[in-house]
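Asks: One structure coming up, written as structure tokens, with questions to follow.
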Amino acid sequence: MSAACPSPHDRDIAAIAARIARPVVLVGLMGVGKSTVGKKLAGLLGRDFVDADDAIAEAAQRSIPEIFEAFGEAHFRDGERRVIARLLAEGHGVIATGGGAFVDPQTRAAVLEKGIAVWIDCDIDTLVERTARRGNRPLLKQGDPREILTRLARERAPFYGEAHIRVRSETGPHADTARAIIEAIDQWL
């Protein structure tokens, strides 16, 4: 088979991608891999990728921790709601949201109406290990990360549970999670 001819798997993904008419919006706790998986997913689907937190920081000309410190979480969530609404309207292919975005009723309603909400779920041990790699998680600086992540998982599960699709993120390659999302979207469509 020549390099120019796609494999059957690539043709299957292309056929699924052609049926996706809305942005794929990744939701879930910090550390589940929304940004990393989102980039892989966008590449597989031949779509663009945008990280809502990056878009928020760009719009505010401040980092997420700086926004939290200077203005508090409520101010951050207000900006987050407006930025996600804009990203949905712009029709990006794959959007990664911050961990708390989908908890906001207006953001959740907009994502459910205009996007395909995909909850990436993960066990707490993996989340603790992954979030320890980066020191820019404002909510984890308020105490023991395991306790905070456990509490957030319990509090946010009912909201994440409203997503159209739920996929588990395992310890394997993020490309596996991206493929699992594509398969789940194919079944959902």
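Asks: Is at least one residue of region 76-93 over 16 Å from the mean Cα position of the chain (by Cα) and surrounded by 20 or more Cβ atoms within 10 Å (Cβ to Cβ)?
Replies: Yes, because at least one residue in region 76-93 is over 16 Å from the mean Cα position of the chain (by Cα) and surrounded by 20 or more Cβ atoms within 10 Å (Cβ to Cβ).
Asks: Could you grab the pairs with beta carbons closer than 7 Å, sequence gap of 6+ or different chains, first residue in region 143-160 and among the aromatic types (Phe, Trp, Tyr), second one in a helix (DSSP H, G or I)?
Replies: Going by the 7 Å Cβ cut-off, the qualifying pairs are 159/102; 159/103; 159/108; 160/102.
Asks: Residue 154: within 19 Å of residue 124 (Cβ to Cβ), open to solvent by 50 Å² or more (accessible area, probe 1.4 Å) and at pLDDT 90 or above, yes or no?
Replies: Criteria met by residue 154.
Asks: Here's a check for you: in region 95-132, which residue that is aliphatic (A, V, I, L, M) and not in a helix (DSSP H, G or I) is most open to solvent (accessible area, probe 1.4 Å)?
Replies: Among those residues, the one meeting the criterion is 132.
The values are calculated or read from the model by the stated rules, or taken from the named source; none is laboratory data. Being a predicted model, the structure only gives us computed values, none of them experimental. As a convention, Cβ positions derive from the backbone with ideal geometry for all residues, glycine included, and neighbour counts pool all protein chains shown. The area values use the complete protein model at the heavy-atom level, side chains included, leaving out ligands, DNA and RNA. Shrake-Rupley method; radii C 1.70, N 1.55, O 1.52, S 1.80 Å.
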